[in-house]
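Heads up: the structure comes next, in structure tokens.
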Amino acid sequence: MKREIIQTLDGSTTIQIKEWDECYHSKHGAIQEAQHVFIKNGLSLFQNKQISILEIGFGTGLNAFITFLEGRKMNQSIDYVGVEAYPISAEELVSMNYVEELNATDDKGVFEHMHQCKWEEKETFGNDFSLTKRKQLFEEINDLDRFDLIYFDAFGYRVQPDLWSTAIFKKMFDALKDNGVLVTYAARGVVKRSMIEVGFTVEKLAGPPGKREMFRARKLV
Ligand SMILES: C[S@@+](CC[C@H](N)C(=O)[O-])C[C@H]1O[C@@H](n2cnc3c(N)ncnc32)[C@H](O)[C@@H]1O
């Protein structure tokens, strides 16, 4: 499918899939969305802790890179697993302006290495961050009681409804440790019903700029 680089409203770039009219991030602001959905409403619940994170859709690496930067500030030790079946190309990567937009030029090498490092191998970044990229379909995830936090960042229900099904959310529920948390930008009723059906307790939170609401789901015991 034809993909194009576009600039979102906060100045950060994203990739748009023309045929689907779907983007890797919110058109209202890729960085703003990542900061709000995944950092403020996810990562920041675990300050000063050692945690493991599963990302559903490594994509451009924006969430992984922001998590590296924010985790360092919040004194967290992070074991990050990014699952992605269709990695972006080297040409697409060089068009992403996240290092500049996040004022993180000192960590440019980290962002680049996150993309260059091998799949299926754990790589360490700084003292307290490790990344394992898994080239895998979401449908093949079979982790059990492994993660504290899931960033659920699949393409939207409109274009990939099967990725928001009970079958996938059951995998997410099983992959979380007890009291683990899943955050997602989505806020559709059908998504909430699937989450509840597999056992999650779901809260509706204010969404990032341009989106009214989002969900946070917990595996309460
Ligand atoms: C919304 S984008 C993720 C954006 C990413 N979190 C970022 O920060 O750039 C969704 C990602 O899911 C991937 N994807 C789509 N279907 C998939 C599947 N069935 N299994 C694994 N990856 C899939 C796409 O290639 C895309 O990178």
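Per-structure values
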| item | result |
| --- | --- |
| Sulfur and carbon atoms: percent of accessible area, segment 152-204 [1.4 Å] | 48 percent |
| Of all DSSP beta bridges in the chain, antiparallel share, percent nearest 5 | 50 percent |
| Extent along principal axes [Cα atoms of segment 106-152; Å; largest to smallest] | 35, 21, 19 |
| Subset of 108/177; 118/211; 118/219; 27/133 violating a 29 Å alpha-carbon distance limit | 108/177; 118/211; 118/219 |
| Built amide H within the under 5 Å cut-off of residue 185, gap 5+ | none |
| J(HN,Hα) series, segment 78-84, from Karplus relation 6.51 cos²θ - 1.76 cosθ + 1.60, nearest Hz, glycine and proline x | 10, 10, 10, 10, x, 9, 7 |
| ³J(HN,Hα), Karplus 6.51/-1.76/1.60, whole Hz, each residue of segment 49-60, x for Gly, Pro | 10, 9, 9, 10, 10, 10, 9, 8, x, 5, x, 7 |
| Helix-only CD estimate at 222 nm, as mean residue ellipticity for the chain, using -39500 (n - 2.57) per DSSP H run (n ≥ 4) | -6500 deg cm²/dmol |
| Rounded accessible area per residue of segment 122-169, 1.4 Å, Å² | 47 Å² |
| Kirkwood Rh, angstrom, the chain [1 / mean 1/r, Cα pairs] | 17.4 Å |
| Backbone HN-Hα couplings from phi across segment 34-47 [Karplus 6.51/-1.76/1.60, Hz, Gly and Pro as x] | 4, 5, 6, 6, 9, 8, 4, 9, x, 4, 6, 6, 10, 4 |
| Cβ-based charge dipole, segment 77-221, positive-most Cα from 172, 131, 147 | 172 |
| Long-range HN-HN contacts of residue 82 with modeled amide H, under 5 Å | 55, 132, 133, 134 |
| Magnitude of the charge dipole, the chain, Cβ model with Lys/Arg +1 and Asp/Glu -1, debye to 20 | 740 debye |
| Among 59, 202, 41 - extreme Cα towards positive end, dipole of segment 29-218, charges at beta-carbon | 202 |
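The values are calculated or read from the model by the stated rules, or taken from the named source; none is laboratory data. The structure displayed is predicted, hence computed values, not measured ones. Cβ coordinates were reconstructed from backbone atoms using ideal geometry, including for glycine residues, and neighbour counts include every protein chain displayed. These area figures cover heavy atoms from the full protein model, side chains too; ligands, DNA and RNA do not enter into them. Shrake-Rupley method; radii C 1.70, N 1.55, O 1.52, S 1.80 Å.
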